[in-house]
Protein chains: 2
Amino acid sequence: MGVMSREPQLTSRLGYLFKHAQQVLAEFTTPALAPFGLTGRDLAVLIVLDGLGPASQQEAAHGLGVDRTTMVALLDGLEAKGIVERRPAEEDRRRNVVQLTASGRQTFAAALAASDEAERAFIGTVMDEDRAAEFKERLRALVTQERARDQDPAG
Amino acid sequence: MGVMSREPQLTSRLGYLFKHAQQVLAEFTTPALAPFGLTGRDLAVLIVLDGLGPASQQEAAHGLGVDRTTMVALLDGLEAKGIVERRPAEEDRRRNVVQLTASGRQTFAAALAASDEAERAFIGTVMDEDRAAEFKERLRALVTQERARDQDPAG
DNA sequence: TATTGTTATACTCTATAACTATA
DNA sequence: TATAGTTATAGAGTATAACAATA
């Protein structure tokens, strides 16, 4: 549904703004990822796996911040697409070692670049690069509830 | 679940940041609204109703940006708490006129104030008021995909 | 006994389709 | 016929509980 004639008191509240920022961002990233057969959730899983290297499903789930039961279906989909592979860990056969396949790494790199470009398109028409960096830093600080470190030239 | 040791590549992406900004904000607003028996969703409905004045359920649904079938249960809850009332519209008995009750208006005012204070607590330890206003303006601009009008002294 | 992956189940949120009463 | 509210149903997304294999 569009955003026409929403109540102004509502549209100025932080909860509304965060929710709809997510939705509008998705309007940029979803079509950018579609050619790779990936969703934003898929890409998040791949970012986690790429950061971890070979890992168990439990570790992947923790890295993404979801339950291990939720990770099962996410990996089922990525495995069916040939992007990740699972095999029993030799030293503990209860575990699966999960990692990107060779072609999965290529798909991931291209999809990540496309998603980055979509994020830049989302933010680029609204503010310049300095302000975008400042905005993102303040957003990061809000999520961690740390004090924002704006204007730090040594990043 | 907490946020411990999430993958850094993931936690710097906009999608992740918006999602978790919502979650952390909710950690402030949810307990602030609980004494009034209201959720953030309830408060959003009340903000819409307050802005519209007496309105049909369809108009309320449109103002909130949900389907009319979704509005039914939201109003069921608020009506059971005595915060809103529904009555058939005299000039068209297919419609319900929905409005806040007298005590509902008091609850709403107090809950809105509590939610506002929770938002200030969420943002206040992270940045000063000027930066918070700047941040909110950029967030608003991202949602509407307009150019941000920062530093405009005439608001 | 405890842990990993899996499955079954349930819960939340939301939408579409169908029903009712009115118009 | 069309519309407002309602109900039934379904889908996405997630979690908890229970199960099989392994430790």
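Structure summary
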| read-out | value |
| --- | --- |
| Cβ-Cβ under 8 Å pairs, at least 6 apart or on other chains, region B:18-31 side facing another protein chain (nearest Cβ under 9 Å) and without any contact (Cβ under 8 Å) to a residue 40 or more places away in the chain, far side among the small types (Gly, Ala, Ser) and part of a helix (DSSP H, G or I) | B:Phe18/A:Ala21; B:Gln22/A:Gly15; B:Ala26/A:Gly15; B:Ala26/B:Gly40 |
| Only listed residue being surrounded by fewer than 16 Cβ atoms within 10 Å (Cβ to Cβ), touching a residue at least 40 places away in the same chain (Cβ under 8 Å), closer than 21 Å to B:Thr29 by Cα and of a type in the set (D, E, K, R), chosen from B:Glu117, B:Glu129 | B:Glu117 |
| Region A:38-55 residues that are facing another protein chain (nearest Cβ under 10 Å), paired with ones that are buried (at least 21 other Cβ atoms within 10 Å of the Cβ) and among the basic types (Lys, Arg) (beta carbon under 8 Å, 6 or more apart) | A:Ala44/B:Arg13; A:Ile47/B:Arg13 |
| Scan of region B:38-66 for residues that are outside any helix (DSSP H, G or I), β-branched (Val, Ile, Thr) and more than 12 Å from DNA strand D (Cβ to nearest atom), ordered by number | B:Thr39 |
| Considering residues of region A:67-98 that are crowded, with 16+ Cβ neighbours inside 10 Å and under 18 Å from the mean Cα position of the chain (by Cα) only, the residue farthest from DNA strand C (Cβ to nearest atom) | A:Ile83 |
| Residue match in region B:140-149 (condition: surrounded by fewer than 13 Cβ atoms within 10 Å (Cβ to Cβ), in contact (Cβ under 8 Å) with a residue 12 or more places away in the chain, touching an Asp or Glu at 6+ places or on another chain (Cβ under 8 Å) and of a type outside the set (S, T, N, Q)) | yes |
| Failed item in (1) over 19 Å from B:Gln22 (Cβ atoms); (2) outside any helix (DSSP H, G or I); (3) within 14 Å of chain B (Cβ to nearest Cβ), with A:Thr69 passing the rest | (2) |
| Test: A:Ala148 is among the hydrophobic types (A, V, I, L, M, F, W, C), in a helix (DSSP H, G or I) and away from DNA strand D (no atom under 16 Å from the Cβ) | no |
| Residue selected from region B:72-92 under the condition within 9 Å of DNA strand D (Cβ to nearest atom) and not β-branched (Val, Ile, Thr), by the criterion nearest to the other protein chains (Cβ to nearest Cβ) | B:Leu75 |
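Where a number appears in this text, it was derived from the coordinates with a stated rule and is not lab data. Computed from a predicted model, the values in this text were never measured in an experiment. Ideal geometry is used to build each Cβ from the backbone, glycine not excepted, and the neighbour counts take in all protein chains shown.
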